[in-house]
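**Q** The structure's right below; bear with me while I get my questions together.
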Amino acid sequence: MSSTILSPPGRGSSAGPGIIPAAPGSRHGQARPRPAGRRRRTSANWLLFALLAGPNIALLLVFTYKPLLQSLYYSTLQWNIGSAIARPVGLRNYTDWFTAPGTGQIIMVTVVFTLATVGGGMVIGLALALLLNSRLKLRGAARTIVVAPYVLSGVAVGLLWLFVFDPNFGITSAVLQGIGLASPDWYNDPGYALAMVIIVYLWKNVGYVALIYLAGLQAIPRDLLEAASLDGAGRIRTLVGITLPLLGPTTFFLSVTTLLSSLQSFDIIQAMTKGGPLEGTTTMMYQIYQQGFVAGTAGYSSAIATILFLVLLAVTLLQLKFVERKVHYS
């Protein structure tokens with residue numbers, strides 16, 4: 001009910017003798033003033049937000065979005081690093097890349113490398129997580145050993161594995177010779193070189209996948225697993241029917257992060273093969289480095305970087321739109 005104010009006799013209105021209608025939701029026909037304490041709390045909250053989020057936002061603007069916009073601008077120029085002259089060429093750098101003879105091979109190498117490292121990493125990481133989640137002797141030491149390669153430098157790992165794959169003196173050569181097989185020419189054959197880089201990448205990064213999966217496994221309620229065991233469900237049925245569905249959010253998170261990391265891989269390729277032989281290990285990310293810092297064609301390199309960014313953005317959006325629909329959050 002709206003409040004009313006009685007007027008003195010003889011000063012009534014059309015609403016009735018002696019009654020003045022008050023504005024709905026107000027007291028005595030006047031708006032309530034905003035409490036000063038509430039205004040101070042709001043200002044304090046905004047100040048706290050600025051103090052906590054401000055530095056992160058500033059870093060993103062300076063080191064992420066500004067270089068991104070600059071790269072997009074440079075991709076429309078014919079410009080070499082160190083040159084004082086830059087000529088606008090529109091979309092010519094993009095058309096040159098798509099029509100270049102080696103672009104098809106580079107795309108194929110990128111796709112094969114990404115699918116092998118992401119798919120293999122997810123499968124091997126899940127298997128390791130299941131093993132490390134079981135009752136093992138020295139389980140803590142085993143977890144440390146699995147995760148340790150992930151924190152190592154990619155360049156150091158690549159240089160170390162060069163000796164492992166050496167066709168004459170490496171460990172792989174000795175093992176293969178022990179079973180009567182000849183060692184492949186890892187350094188000069190494009191197919192074997194790509195396989196070598198994939199193996200090393202998996203060895204280094206599978207510990208990260210196993211660690212995240214292990215955290216997801218430990219978050220599964222034990223009551224569900226015990227109930228499945230009482231119902232007579234075996235390990236495979238429990239894994240397929242309970243464990244994997246409950247790991248859906250973890251799998252989705254890993255699919256996004258490992259895909260982005262794989263498409264941006266550089267250090268291992270640089271340390272082991274430098275994109276060779278015959279561009280057999282040159283991915284789009286490594287081609288950006290080659291064109292920008294080896295050949296010095298900054299405009300062309302920026303165009304490739306922009307294309308790779310659009311690919312990453314499109315793949316991420318597709319994952320968010322279609323893959324996340326099948327993820328069930330508890």
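The values are calculated or read from the model by the stated rules, or taken from the named source; none is laboratory data. All of these numbers come straight from a predicted model, not from anything done at the bench. Quick reminder, even Gly has a Cβ in these numbers, built from the backbone with ideal geometry, and neighbours come from all protein chains shown. The area values use the complete protein model at the heavy-atom level, side chains included, leaving out ligands, DNA and RNA. Shrake-Rupley method; radii C 1.70, N 1.55, O 1.52, S 1.80 Å.
**Q** Collect the residues in the range 217-241 that are surrounded by fewer than 12 Cβ atoms within 10 Å (Cβ to Cβ), more than 31 Å from the chain's Cα centre (by Cα) and aliphatic (A, V, I, L, M), keeping them in residue-number order.
**A** LEU230
**Q** May I pose another question? Right, LEU244: part of a helix (DSSP H, G or I), of a type outside the set (Lys, Arg) and within 14 Å of the chain's Cα centre (by Cα) or not?
**A** The answer is no for LEU244.
**Q** Still on this model: Has the range 65-79 got at least one residue that is touching a helix residue (DSSP H, G or I) at 6+ places or on another chain (Cβ under 9 Å), surrounded by 13 or more Cβ atoms within 10 Å (Cβ to Cβ) and over 20 Å from LEU310 (Cα atoms)?
**A** Within the range 65-79, one or more residues are touching a helix residue (DSSP H, G or I) at 6+ places or on another chain (Cβ under 9 Å), surrounded by 13 or more Cβ atoms within 10 Å (Cβ to Cβ) and over 20 Å from LEU310 (Cα atoms).
**Q** Let me ask you something else. Restricting attention to the range 150-180, and to residues there that are surrounded by fewer than 16 Cβ atoms within 10 Å (Cβ to Cβ) and closer than 24 Å to ILE212 by Cβ, which single residue is farthest from the chain's Cα centre (by Cα)?
**A** If we take residues in the range 150-180 being surrounded by fewer than 16 Cβ atoms within 10 Å (Cβ to Cβ) and closer than 24 Å to ILE212 by Cβ, then ALA156 is farthest from the chain's Cα centre (by Cα).
**Q** Shifting gears a bit: Test each condition in (1) out of contact with any strand residue (DSSP E or B) (no Cβ under 6 Å at 6 or more places or on another chain); (2) open to solvent by less than 10 Å² (accessible area, probe 1.4 Å); (3) closer than 24 Å to LYS66 by Cα for LEU310 and report the one that comes out false.
**A** Answer for LEU310: the failing condition is (2).
**Q** Still on this structure, please answer the following. Only one residue in THR110, THR99 is open to solvent by 60 Å² or more (accessible area, probe 1.4 Å) and at pLDDT 95 or above, so which one is that?
**A** After applying the criteria, what remains is THR99.
**Q** Here is a follow-up. Would you point out which residue out of THR273, THR251 is of a type outside the set (D, E, K, R), at pLDDT 90 or above and farther than 21 Å from TRP203 by Cβ?
**A** Going through THR273, THR251 in turn, just one is of a type outside the set (D, E, K, R), at pLDDT 90 or above and farther than 21 Å from TRP203 by Cβ: THR251.
**Q** I would also like to ask the following. Between ALA116, ALA53, ALA44, which is part of a helix (DSSP H, G or I) and either open to solvent by 50 Å² or more (accessible area, probe 1.4 Å) or among the charged types (D, E, K, R) (or both)?
**A** Of the residues listed, the single one that is part of a helix (DSSP H, G or I) and either open to solvent by 50 Å² or more (accessible area, probe 1.4 Å) or among the charged types (D, E, K, R) (or both) is ALA44.
**Q** Still on this structure, I have one more. How many residues, within the range 125-149, are of a type in the set (A, V, I, L, M) and crowded, with 16+ Cβ neighbours inside 10 Å?
**A** The qualifying residues number 7.
**Q** Sort out which residues of the range 150-188 are of a type in the set (A, V, I, L, M) and closer than 25 Å to LEU278 by Cβ, and write them in order of number.
**A** Selection gives VAL155, VAL157, LEU159, LEU160, LEU162, VAL164, LEU176, LEU181, ALA182.
**Q** Which one of these does ALA84 not meet: (1) open to solvent by less than 100 Å² (accessible area, probe 1.4 Å); (2) among the small types (Gly, Ala, Ser); (3) over 30 Å from LEU278 (Cα atoms); (4) out of contact with any strand residue (DSSP E or B) (no Cβ under 8 Å at 6 or more places or on another chain)?
**A** (1)
**Q** Report yes if some residue within the range 189-199 is open to solvent by 40 Å² or more (accessible area, probe 1.4 Å), touching a Leu at 6+ places or on another chain (Cβ under 9 Å) and free of Cβ contacts under 8 Å to residues at least 12 places away in the same chain; otherwise report no.
**A** No; the residues of the range 189-199 include none that is open to solvent by 40 Å² or more (accessible area, probe 1.4 Å), touching a Leu at 6+ places or on another chain (Cβ under 9 Å) and free of Cβ contacts under 8 Å to residues at least 12 places away in the same chain.
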